[in-house]
Amino acid sequence: MAETAASLKTPTDLKTNAAKTVAQALNGLLADTFALYIKTKNFHWHVSGSHFRDYHLMLDEQAAEIFAVTDDIAERVRKTGNTTLRSIGDIARHQSIKDNDSDFVTAADMLSELRDDNLKLVEALREAKDIADTARDNATSAMIDDWTDQAERRAWFLFEASRQA
Ligand SMILES: [Fe+2]
């Protein structure tokens with residue numbers, strides 16, 4: 001068989017239309033997960049101030065957790081017979097979490113921005129779960145539960161670390 005884009009049609013019993021919708025939701029989540037990953041790394045690299053060590057290490061732990069999710073999301077898209085993101089440009093076209101290219105961001109602003117971004121990701125995960133459940137895509141729905149718990153845990157840590165007392 002000739003190697004074409006059609007070669008990437010992994011067999012699945014999920015209805016094409018339904019799986020497509022789940023794939024679109026997953027590709028959006030993937031773009032946001034990459035955007036959150038690079039922002040968390042950006043802040044890991046550029047954080048400064050009296051809590052440097054704590055924040056620097058916490059953000060690195062969070063970045064590693066976020067990065068680990070990217071492969072699971074992309075492979076879920078492929079397992080359900082669809083194609084996923086291919087480049088940094090593709091990420092930029094699909095992301096809803098905003099980049100932060102500022103020359104300087106205070107440590108407090110970094111923590112609150114990341115907390116809000118993680119909570120935005122939680123909202124997107126809930127929407128994707130509804131789509132997955134409607135499509136009867138049980139595995140995606142179950143995986144979304146883990147990703148949600150992780151994002152809520154990150155938001156909790158970012159909130160507590162940003163308290164003044
Ligand atoms: Fe590092």
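The values are calculated or read from the model by the stated rules, or taken from the named source; none is laboratory data. In this text, all values refer to a predicted model and were calculated from it rather than measured experimentally. Methodologically, a virtual Cβ is constructed for each residue, glycine included, from the backbone with ideal geometry; neighbour enumeration extends over all protein chains shown. Just the protein is used for accessible areas: all its heavy atoms, side chains included, with ligands, DNA and RNA removed. Shrake-Rupley method; radii C 1.70, N 1.55, O 1.52, S 1.80 Å.
Results, tabulated for the structure shown:
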| quantity | calculated |
| --- | --- |
| Yes/no for Ile91 being in contact with a helix residue (DSSP H, G or I) (Cβ under 8 Å, 6 or more places away or on another chain), of a type in the set (A, V, I, L, M) and part of a helix (DSSP H, G or I) | yes |
| Residues within the range 130-142 that are open to solvent by 50 Å² or more (accessible area, probe 1.4 Å) and either closer than 16 Å to Val69 by Cβ or part of a helix (DSSP H, G or I) (or both), tallied | 6 |
| Only one of Ile73, Ile66, Ile38, Ile91 that is open to solvent by 50 Å² or more (accessible area, probe 1.4 Å) and β-branched (Val, Ile, Thr) | Ile38 |
| Only one of Asp60, Asp13 that is farther than 16 Å from Asp146 by Cβ, away from the ligand (no atom under 16 Å from the Cβ) and of a type in the set (Asp, Glu) | Asp13 |
